[in-house]
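Beneath this line is the structure, given in C-alpha cells, with notes to follow.
Values in this text are rule-based calculations from the coordinates and carry no lab data. Predicted, not measured: the structure shown is a model, and the values here were computed from it. Methodologically, a virtual Cβ is constructed for each residue, glycine included, from the backbone with ideal geometry; neighbour enumeration extends over all protein chains shown.
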Amino acid sequence: MNALMQALSQNWGDLATALGQHLFLSLVAVVLGCVISVPLGVYLTRHRRLAGPVLTVVSVIQTIPSLALLGFMIPLLGIGTVPAVIALTLYALLPMVRNTYTGIQEVDRSLIESATGMGMTRRQILWMVELPMARGIIIAGVRTSAVTTIGVATLATFIGAGGLGDIIMRGIDMIDTPTILVGAIPAALLAIVFDVLLMWLDRWLTPRGLRVAARSGQRRADGNVTVETADIRRRGA
Amino acid sequence: MEKFAVEFRNVSKSYGDHPVVRDISFAVAVGQLVTLIGPSGCGKTTTLKMVNRLIEPTSGTLLVHGEDVRRRNPVELRRSIGYVIQQIGLFPHLTIEENIALVPRLNRQDKRAYLRRAEELLDLIGLDPARFRHRYPGELSGGQQQRVGVARALAADPDIILMDEPFSALDPISRESLQDELLRLQGTLRKTILFVTHDMDEAMKLADNIILMKDGEIVQADSPDQILRHPKDEFVRDFVGEKRFRQAAWSAVAGDVMTNAVTISPSRGLAEAVHLMGRQRVNGLMVTDNHQHYLGVVGAEEVYRNYGNERQTVADVMNRDLPVVSEDTPLPRVLAAMESGRGYLPVLDANRKLLGVVTRASVIRLVVETYRGGAANERTDAGVVAKLG
C-alpha cells in the first residue's frame, strides 16, 4: 500500500495528463462511434439486404486484435492521436451498430402497422416510435462500446497517443507493480464510472410508460378481472 | 355529396403468381357499417388495407369519396381514415391522452384543441378522463385498451373507419361490450365503417351489409337478413351455420311461441278474477264466451281500478282494444304488437276463437330452446300467461 502511495505521488503530474488524454481518446471514439453507428444501424433496417454484409464487416474489425488494429494505423496515418482515435472508433462500432439494428428490428410490428395506418411518415415513425422503443437496447450497445473502448485505449500508448497506457507501460518497463497499478486502477475506475453514468442516462431516458408496462405485467394479469367486473357493474346499474 | 364513401371497381391483388384478391367490385354507402367476412386467407384483410393504401392493388380502381386513391398522398389519405387493428397497437411509451391525440398532433392542430378532443373521446368511450388520461396503455386491460384504440381512430373525426378484427383478441365479455359500444357510437356518429371479422355472430350483430368472401372473391354481398333468407350457395349456408338459420327470428311465427291461456267467462265477478289470477300466478286473463270466442282481456290493472264496485263483472271492465295476432303472424310483428300492448298477446284463429297467448316468457323460452338445439317448432305449453312478479 505504501509502495502504491509512493508510486502515485511520483507519477501524480503524469497521471493527470494521462487521465486527460485517456478520457479524450475514449470519449471522442465513443461519440464518433455513436454518430456513425446509430444512423448506420437505422439505415440497415431500411435496407435489410445490406445488413448481413455490413454487420459481417463490422464484426471482422472487432476480431482484429486491438494491438494489431492500432499497428495497422501506422503505415496509413502515422502515429499520434488521430490514428488512435480512428482505430478506437472502428473498434467501438460493432456493439452499437448491431444493437441499433436489432433494437429497431424487434419493435413490435403491430406498432409500426398502426403508426403507418394512422398516417405517420417514415421519419415520424423512426423518431416517435422506433427510436424510443429501441432506446434501451441501443444504450446497452453504447455501454458495451464505452467499457471496451476505455480498456483498449490503454494500448494507444504504442502509437504515441498517450493515455493511462503510458504509465502502465512505464511500470512494465521498470518491472514496478505499483506504477502499473497507478495506471491500471484509474483505467478500471474510469470504465466503471462510465458504465454507471450510462446506466443512469438509460433510466432517465426510459419513458414512464415503458417502466409501467414492465412492472405491471404481473399486476395487470390479475388486476384485469376486477377492473372489468367493476365496469360491468357500473353499466348494469 | 357523393353516394359512396368507398368503391372498389374490378380490384385485384396478387403477390407474384399468387392471387389474393380477384377482380372484386363493391361499394359502401356513406354512413354504412359493412363487414368483410370469410375464412382465413380469403383476402378480407388485404381488401381492407387497400383502402388506406397499406397495400396497393395490382389492378383495378379504388375510389374513396369518389376520388381515385392513387391520386392521393398516402400519408394524408391515412390521416383522413380511422384505423383500428386486432393487436390494438397503442404506443406503450405514450399516455392514453397522447395516444388518442396523436393524429391531430401530427396534423399540427392546436394543442389545447386536441387535448380537449382527447377528453371528449375518453368520455364518449366510457373511460373517465380524470382517471385515465395520464395512464399508460400497459396499465389498462385489453378491453380498455381497445376502447382507447377506437377513440384514437375517431380523434381526427374521419368519415371512414377501417377496423381489422378489432375485437377478436378480447375475452368474450369485453368483446360483447365493445360491440355494443360500437353500435351505440355508430347510432350517433354515422361513420362509414369497413369491419373485417371471421366471426359470423359479430357480423350479424353489427353489419348493415355483409360481404362474404372466399378465395379472394366475393361470394355474396347482402344485408344480414337477406343472407339468412337467401343464402346463395352451400358455402354460404355452411359458413353462416345451420344453427343460425334455425334460430333466425323471422322463421318463427306466433304459433311457435304461444302458450295456453288462462280464461274466464264474462259474467264472473272481479273477486273471482283476482282469485284466479292468484291461483294461476298470472297477471292477465283472457275473457272468452262458452265457445272459446275471444271477447277481451282483463288484467290486474282493470280489476284493481274497479274493485270497489261489487256489482261489476268481468264483462264490464275488460279491455277490448288490446292488439291481437293470428297463428301465422311472423315473430317480429308479434314483438312489435307486444311493445304497444301489455306484454301478452291473444292469438286468434279466423273465427276469433282463442288459440293461446304469447307472453314475454314464452318468447324467451323459444330463444333458449333454439340455443340448446331443441326443435324450435315444438309448441311451448307451460300453461301460464305472464308470471306475476
Q. Of B:Ile264, A:Ile36, how do they rank once you tally other Cβ atoms within 10 Å and put the fewest first?
A. A:Ile36, B:Ile264
Q.
Can you tell me, using C-alpha contacts under 8 Å and at least 6 residues apart, the relative contact order of chain B as a whole percent?
A. 16 percent
Q. When the helix-only estimate is applied to chain B (DSSP H runs of n ≥ 4, each -39,500 (n - 2.57), divided by the residue count), what is the mean residue ellipticity at 222 nm, nearest 500 deg cm²/dmol?
A. -10500 deg cm²/dmol
Q.
Counting C-alpha atoms alone, how compact is segment B:208-339: give Rg to one decimal and Dmax as a whole number, in angstrom.
A. 22.9, 76
Q) For segment A:11-160, what is the relative contact order in percent, using Cα pairs closer than 8 Å and at least 6 residues apart in sequence? A) 37 percent
Q. What nm value, rounded to one decimal, do you get for the distance between A:Trp204 and B:Asp199 when each label is placed 7 Å out toward the C-beta?
A. 4.7 nm
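Is there a pair in B:Lys191/B:Lys214; B:Lys3/B:Lys111; B:Lys3/B:Lys214; B:Lys44/B:Lys232; B:Lys49/B:Lys214; B:Lys49/B:Lys111 whose C-alpha atoms are over 24 Å apart, and which pairs would that be?
Correct reply: B:Lys191/B:Lys214; B:Lys3/B:Lys111; B:Lys3/B:Lys214; B:Lys49/B:Lys111.
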Q: Grab the beta carbon distance between A:Ile36 and B:Asp68, set R0 = 41 Å, and tell me the FRET efficiency rounded to 0.05.
A: 0.40
Q: Write down the percent of antiparallel bridges among all DSSP beta bridges whose residues are both part of chain B, to the nearest 5.
A: 60 percent
**Q.** Debye-sum result for segment A:19-146 in log10 I(q)/I(0), which assumes one identical scatterer on each alpha carbon, at q = 0.09 Å⁻¹
**A.** -0.31
Q.
Cut-off 13 Å, label point 7 angstrom out along Cα-to-Cβ of B:Thr188: give me the residues of segment B:117-142 whose amide nitrogen falls inside.
A. B:120-127
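Looking at chain B, I'd like the Rg to Rh ratio, where Rg is from alpha-carbon atoms and Rh is Kirkwood's inverse mean 1/r.
We get a ratio of 1.12 for chain B.
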Q.
If you wrap a convex hull around the alpha carbons of chain A, what volume per residue comes out, as a whole number of Å³?
A. 174 Å³
**Q.** Virtual spin-label span in nm between B:Arg311 and B:Ile173, 7 Å along Cα→Cβ
**A.** 6.2 nm
**Q.** Antiparallel content of DSSP bridges confined to the protein assembly as shown, in %, to 5
**A.** 60 percent
Q) What is the percent of Cα-Cα separations in the protein assembly as shown that go past 32 Å? A) 66 percent
Q.
In segment A:16-47, whose amide N lies under 19 Å from the spot 7 Å out along Cα-to-Cβ of A:Met174? List them in ranges.
A. A:16-20
Q: Enumerate the lysines that B:Lys353 could reach by cross-link, defined here as Cα to Cα under 20 Å, with residues fewer than 8 away along the same chain left out.
A: none
